[in-house]
Each structure stands twice: as C-alpha cells, then as structure tokens.
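Visitor: Can you read through this structure? Questions will come right after.
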Amino acid sequence: MPRQRIVIHRARADQARAKPTDYSTIGFGRWFTDHFFATEFDRENGWHLTRIEPWRLLQIDAAAICLHYGQEVFEGLKAYRGKDGGIYLFRWRKNAARLRSSAKRLMMECVDEEFFGQAVKSLVLLERDWVPADPECSLYIRPTLIATDPFLGVRPGDEYAFYIIVGPVGAYYPEGFNPISIWVSDEDVRAVRGGLGEAKTAANYAHSLCAQQKARQLGYTQVLWLDAIEHRWVEEVGTMNIFFRLRDEVITPPLAGTILPGVTRDSVIAICKRWGLTVTERMISIDEVMETIASGEMQEVFGTGTAAVISPVGALSYKGEEVAIGGRRTGELGARLYGYIARLQRGEEPDELGWVERIDELDAEQVARGEE
Ligand code: COI
C-alpha cells in the first residue's frame with residue numbers, strides 16, 4: 001500500500017476551535033486542533049475514504065467491536081517548533097512500526113509506514129499554526145486504530161478506522177521537569193509474558209488505573225510496576241520506561257515481552273552509548289534498587305516517554321518505606337539528556353543519527369496528493 005490520495009476538507013471560519021492564550025498552563029491532552037485525519041478499511045475496498053476533515057464527533061456503531069472487546073491500538077509522537085521557526089518530526093518511523101506490531105498482536109489490519117507518515121505530515125502541515133513556539137511545548141500527535149464492524153461475536157474485526165488527532169501540549173506531569181515521587185506496586189501487575197504488555201493498546205492503560213489511584217491516594221504521581229511472576233523485577237512506570245544510573249552504569253530493564261518498547265527509551269540508550277557511558281539492558285530487582293538508593297550508590301533514576309520526555313524520579317515508596325534519590329533533585333544525566341533531546345527534536349543539534357525530519361517546507365496539499 002503506497003501513499004494514498006488524502007482529500008482535504010478545510011474547516012470554515014465558524015468551525016475554528018479556540019487556541020490557548022497562555023501556553024505555560026496548557027498541560028497535556030486538553031487542547032485539540034481544527035481538523036483530524038481519518039481513513040477506513042474493509043475487505044472489499046482496502047483503505048479508502050481517506051480524508052482530513054473539520055473536527056467533529058466520531059460516528060461509530062454502538063455494536064462496534066472496539067467498544068466491546070477492546071480491539072484498539074494507538075501511538076504517541078510529537079511535532080516540534082525550532083528556534084528557526086521550522087517544524088520537526090522525531091523518529092516517526094519507529095512509531096509507525098510499533099503501531100504495526102501492536103496491531104499484529106491484536107489481530108488488526110494496519111496502515112503501512114509510508115501511509116502513516118503521509119497522514120501525520122499532511123495533518124501537521126495543515127495545522128502548522130498550532131505547533132507551539134514555546135520551547136516547553138509541542139504538538140502531540142495521537143494516531144489511533146479501531147475495529148469498527150458491528151458484531152458481538154468475539155473474533156478479529158473485518159472493518160477498521162485509522163484516525164489521527166493532534167493538539168498542543170506542555171508537560172505531562174504537573175511537576176513539569178521537577179522530580180516526581182513514585183509508588184511501587186507489589187500487588188497489582190501490569191503485564192505477564194505472553195500477554196499484551198509490549199502492545200500500545202488501551203487495555204494496558206485501563207488496567208493501570210486502579211493501581212494509579214492507590215498511588216495518588218498515597219501522595220505519589222505514578223506507579224512503578226514489578227514483574228507478574230515473582231513481584232521482584234522492575235518493569236516500567238505507568239506512562240514511561242525507567243532508567244537507573246547506578247555506579248556510573250546506566251541500567252534499564254530489557255524488552256522481554258512485558259514492557260512497552262519506548263521510542264525515547266531506545267533514543268536514550270543510543271545517546272548514552274554515544275556519550276561513552278556504559279548502558280546495560282538487564283533485569284534489576286526492586287531490592288537492589290532500594291538497597292543501592294539507601295547506600296547512596298544509586299546516583300539517579302529517571303523515566304522516559306514521548307509525553308513525559310525525561311522525568312527525574314525524586315523518591316520511591318515500596319512496602320511502606322520511602323527512599324529519596326539524589327536529594328530529590330534532578331540528576332545530572334537526566335538534565336543533560338532532557339536538554340540534548342529537546343534541542344535535537346527542534347533541529348538545534350547536529351542530527352548525526354538521522355532521527356529528525358524538517359517538514360515545514362512541504363505543502364499540506366502536495367503531501368496529501370502523495371507528491372512529497
Ligand atoms: C506517550 O508517551 O506518548 C504515551 O502514549 C503515554 C500516554 C499514556 C500519555
């Protein structure tokens with residue numbers, strides 16, 4: 001499936017949505033732009049009805065499979081505005097590939113990489129005025145794939161909708177780039193080998209809400225999940241992968257089927273290696289984490305994610321005991337990574353790994369016609 005022809009229906013002036021006036025308070029996931037992208041699949045026509053249209057409520061059958069059996073997968077990526085006014089995308093092919101592997105796990109049809117890129121670019125270009133100039137903000141892109149056939153038997157769908165919504169965002173956590181406190185869940189688990197853990201699907205997030213609420217009630221921002229069998233090995237945080245800087249070694253749990261393969265996780269591993277640091281993907285137990293924090297050998301802990309970027313962890317609570325990390329201050333490596341990645345994503349660092357694509361010189365209509 002090569003590039004498609006995307007029909008653009010532009011919003012009328014009276015359909016324009018309000019834009020934020022103060023970007024310092026926009027938070028995450030509350031603002032959306034004037035248009036969305038959508039395309040539909042059925043066995044007879046393949047992907048068709050491919051268009052960008054003014055924002056509206058989705059029409060979906062009350063019996064649609066996604067609403068009953070959770071056949072849904074999604075992605076999260078961002079468009080960034082550089083100091084030069086340019087609009088940049090970061091490693092979007094990784095998101096396209098992950099959407100495809102999530103879809104495969106849930107037995108769903110999926111758009112291919114080129115079509116994914118064409119859709120993302122044409123929508124971002126049409127909404128170019130919405131990409132914030134504030135360096136703490138970006139335009140969040142949420143590609144979503146759902147099974148839409150009206151059918152209550154349990155089987156994979158034959159009809160799908162793939163749509164993309166975008167909106168300006170600031171920091172994901174209320175703490176911004178300040179250290180967050182995390183509660184370690186020793187009862188609820190996120191995923192088990194052979195399950196859905198590595199797929200980016202709604203079920204994983206729905207399932208996390210219960211432990212997330214327990215964490216909130218105890219005064220913590222997020223949950224750190226342990227493995228489902230021994231309740232011992234660190235896996236990931238609710239919306240992020242996790243990294244430890246221990247005796248000058250950078251450690252992150254391996255991708256063994258239960259952890260989301262984060263794009264920021266992959267980028268941090270590559271960057272740290274380029275900086276000459278020792279990076280090890282290995283299992284790390286919660287006991288080792290708590291002991292080395294207590295002994296002072298753990299230099300810093302941080303999470304990584306598209307929404308969260310790099311998020312320093314200032315404290316961990318496990319079985320009622322709280323330990324502070326690095327004096328609850330942002331660690332040196334986390335700060336360096338945050339600054340470097342933020343500049344790289346905005347075209348302000350040499351793109352030695354070919355991760356960054358400047359798109360503002362393209363025209364939305366031209367990309368929509370497949371003429372990029
Ligand atoms: C992202 O980091 O883009 C995500 O999709 C996490 C989400 C739950 C906010």
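Visitor: Of K19/K104; K19/K273; K19/K83, which pairs sit farther than 32 Å apart, going by alpha carbon to alpha carbon?
Guide: Correct reply: K19/K104; K19/K273.
Visitor: Find which of V263, G46, F28 sits farthest along the positive direction of the dipole of the chain, computed with +1 on the beta-carbon of Lys and Arg, -1 on that of Asp and Glu, about the Cα centre.
Guide: After comparing all options, I get F28.
Visitor: Sticking with this one: Could you tell me which trypsin sites (Lys or Arg not before Pro) in region 81-179 are loop residues by DSSP with no more than 16 other beta carbons within 10 angstrom of their beta carbon?
Guide: Listed in order of number, the matching sites are K83.
Visitor: Could you tell me what percent of the accessible area of region 121-229 is made up of carbon and sulfur, with a 1.4 Å probe and every protein chain present?
Guide: Details: 2360 of 4350 Å².
Within region 121-229, the accessible surface is 54 percent carbon and sulfur.
Visitor: In addition: What share of the DSSP beta bridges in region 1-155 is antiparallel, in percent to the nearest 5?
Guide: Taking every DSSP beta bridge within region 1-155, about 90 percent pair in antiparallel fashion.
Visitor: Viscosity 0.890 mPa s, temperature 25 °C: give me the Stokes-Einstein translational D for region 222-303 in µm²/s, with Rh taken as the Kirkwood radius over C-alpha pairs.
Guide: 190
Visitor: For region 180-329, count all C-alpha to C-alpha pairs, find those more than 25 Å apart, and express that count as a whole percent of the total.
Guide: 21
Visitor: Are there any GluC sites (Glu not before Pro) in region 290-337 that are in a DSSP loop and have at most 15 other Cβ atoms within 10 Å? List them by number.
Guide: E297
Visitor: What does the accessible area per residue of the chain come to in Å², with a 1.4 Å probe and no ligands, DNA or RNA counted? Walk me through the intermediate numbers first.
Guide: Values: 16260 Å² over 372 residues.
Ligands and nucleic acids excluded, the figure is 44 Å² per residue.
Visitor: Here's a follow-up. Would you work out the charge dipole size for region 180-329 about its Cα centre, treating the Cβ of every Lys and Arg as +1 and the Cβ of every Asp and Glu as -1, and quote it to the nearest 20 debye?
Guide: Roughly 500 debye, rounded to the nearest 20.
Visitor: Related question: Tabulate in residue order the Karplus-calculated ³J(HN,Hα) for region 270-279, using 6.51 cos²θ - 1.76 cosθ + 1.60 with θ = phi - 60°, rounded to whole Hz; enter x for Gly and Pro.
Guide: Going residue by residue, I get 5, 5, 4, 5, 5, 7, x, 7, 7, 10 Hz, with x marking Gly and Pro.
Visitor: Reachable lysines from K319, Cα under 17 Å, same-chain residues fewer than 8 places away excluded?
Guide: K214
Visitor: Which is the longest run of the chain containing none of the chymotrypsin sites (Phe, Trp or Tyr not before Pro) found in DSSP loop states (not H, G, I, E, B) with at most 16 other C-beta atoms within 10 Å?
Guide: 56-274
Visitor: Relative contact order (percent) for region 180-329, with alpha-carbon contacts under 8 angstrom and 6 or more residues of separation?
Guide: Over region 180-329, the number comes to 27 percent.
Visitor: With each pseudo-label sitting 7 Å past Cα toward Cβ, what's the E371-S24 distance in nm, one decimal?
Guide: 4.5
Visitor: Quick check for me: using +1 on Lys/Arg Cβ and -1 on Asp/Glu Cβ, what's the dipole size of the chain about its Cα centre, in debye to the nearest 20?
Guide: Dipole of the chain, to the nearest 20 debye: 300 debye.
Visitor: Using the alpha-carbon atoms, what tilt in degrees (0 to 90, nearest 10) does helix 202-217 show relative to the longest principal axis of the chain?
Guide: Between helix and principal axis, roughly 40 degrees.
Visitor: Only Cα pairs under 8 Å and at least 6 apart count here; give the relative contact order of the chain as a rounded whole percent.
Guide: Details: 802 pairs, mean separation 74.4, N = 372.
About 20 percent, as a whole number.
The values are calculated or read from the model by the stated rules, or taken from the named source; none is laboratory data. Everything numeric here is computed off the predicted structure, so don't read it as measured data. We place every Cβ from the backbone using ideal geometry, glycine too, and count neighbours over all the protein chains shown. The protein model used for the area step is the full one, side chains on, heavy atoms only, and it has no ligands, DNA or RNA in it. Shrake-Rupley method; radii C 1.70, N 1.55, O 1.52, S 1.80 Å.
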